[in-house]
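Have a look at the structure below, then the notes.
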Amino acid sequence: GDAGSAAAAPAAAAPAAAATAAPAAAPESSVFPSQYHRDAFAVFRALCTISDQGYKSGDAQAASGPAAAAILVESKILSLQLLSDIIENAGEAFRSSRAFLGGIKSQLSDALLRNLLAPQPQVVQMGLRIFLQLVRSASFRPHLSEEIEVFVEEVFLALLDSPTSSFDLRLMLLQVIEALARDGTAFIELFANFDCVDGRQDLVEKVANTLAAIAQGRASASFNATQRTAEEAAAVQHQALTALLAMVHTVRGAVDETLGMPSSAAAEAEAAAAAVEAAAGKSGVTSTAVVEDDEAEDAAAAAAAAAAADPESFADGDSDAESDAATSRAGRASLAGRFEESRKERALLQRAAIKFRMKPKLGI
């Protein structure tokens, strides 16, 4: 598939990123309240192992023939689909157990990192879907701050900027960013937990700058040179602009809601989207981003390929925050308060640093 070319340039990102999460120790029997919990964790760990096959020398040698390689890919897609179903339908025990959360932080995250660099588009699509489900979940998101930072900065942004990334892969990544930006609670929380905290990466700012550069055609020369046709370049710019608009309208809606103002963000978002689509139509660009694999015959591959046809399909799983509108509004108000406090503290420290350079006694 075209996505296979993405593995060359950022291949070093996966080992470096995987190193940030230490392998989880095997949980002892006392960790699980029953045999059912222990068996469920064993199934989850086995699925993570199956989805991670093919990236080690022994696995590559075992799948030396075309038939064995096809079976390996089908097994990976099916295991990723089952993992996606587990995340989407996780119960209270799964969402709160230290053993299960540790398995997500180590085994699942490590498997996702490798699968995002896989040469098969269906595998990449399912990996992106699971990542989005984890980020949009109010139960899992607070436990995955380090993993989210690694995925966004060292994988997503690196793949978008890599001259060897395929057109399909870039479009899939931009679609995931757009779907995440449309989830108001998750997106604003990421902004508050990264960009508004001293000592942490300005994650949302970096994503916004990257999207703006792509949308305006200001990406690196090597990036622009890899666009094979003018239609591909226009499609990537269109999707980047759409994702950027989603970010802007989400922030606008959150501010209006926090201040108790009637929000017009939804209407403005529809008008802006219509304008973008009209401009894309004039240039002959369609928003269909991912080229599906015609040879994928099993149901898992077909479902995975269909997920990339629409950015909203990456977000089919219901976000925990969306289940209760009142809780969502209260959470946004709390995040806004934290942001304001963090902004004031950062401004105070900046003024103190300036004064300290002028005269240490003033800064102190």
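The values are calculated or read from the model by the stated rules, or taken from the named source; none is laboratory data. Every value quoted in this text rests on a predicted model; they were computed, and no experiment measured them. Note: ideal-geometry Cβ built from the backbone for every residue, glycine included; neighbour counts use all protein chains shown. Side chains included, ligands, DNA and RNA excluded: accessible areas come from the protein's heavy atoms. Shrake-Rupley method; radii C 1.70, N 1.55, O 1.52, S 1.80 Å.
Quick notes on this one:
- Considering (1) assigned to a loop (DSSP other than H, G, I, E, B); (2) within 30 Å of residue 349 (Cβ to Cβ), the lone condition that residue 190 does not fulfil carries the number (1).
- Evaluation of residue 159 against (1) at pLDDT below 90; (2) surrounded by fewer than 21 Cβ atoms within 10 Å (Cβ to Cβ); (3) assigned to a helix (DSSP H, G or I) (one fails), failing number: (2)
- The one condition in (1) touching a residue at least 60 places away in the same chain (Cβ under 8 Å); (2) over 27 Å from residue 118 (Cα atoms) that residue 163 fails to fulfil: (2)
Results for (1) assigned to a helix (DSSP H, G or I); (2) assigned by the TED database to the domain that holds residue 211; (3) open to solvent by less than 10 Å² (accessible area, probe 1.4 Å), shown as yes or no for each residue.
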residue	(1), (2), (3)
123	yes, no, yes
135	yes, no, yes
148	yes, yes, yes
153	yes, yes, no
163	no, yes, no
172	yes, yes, yes
181	yes, yes, yes
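- Residue satisfying all of: in segment 21-71; of a type outside the set (Gly, Ala, Ser), modelled with pLDDT under 80 and surrounded by 14 or more Cβ atoms within 10 Å (Cβ to Cβ); farthest from residue 82 (Cα to Cα) among these: 31
- Residue within segment 66-82 that is outside any helix (DSSP H, G or I) and not acidic (Asp, Glu) present: no
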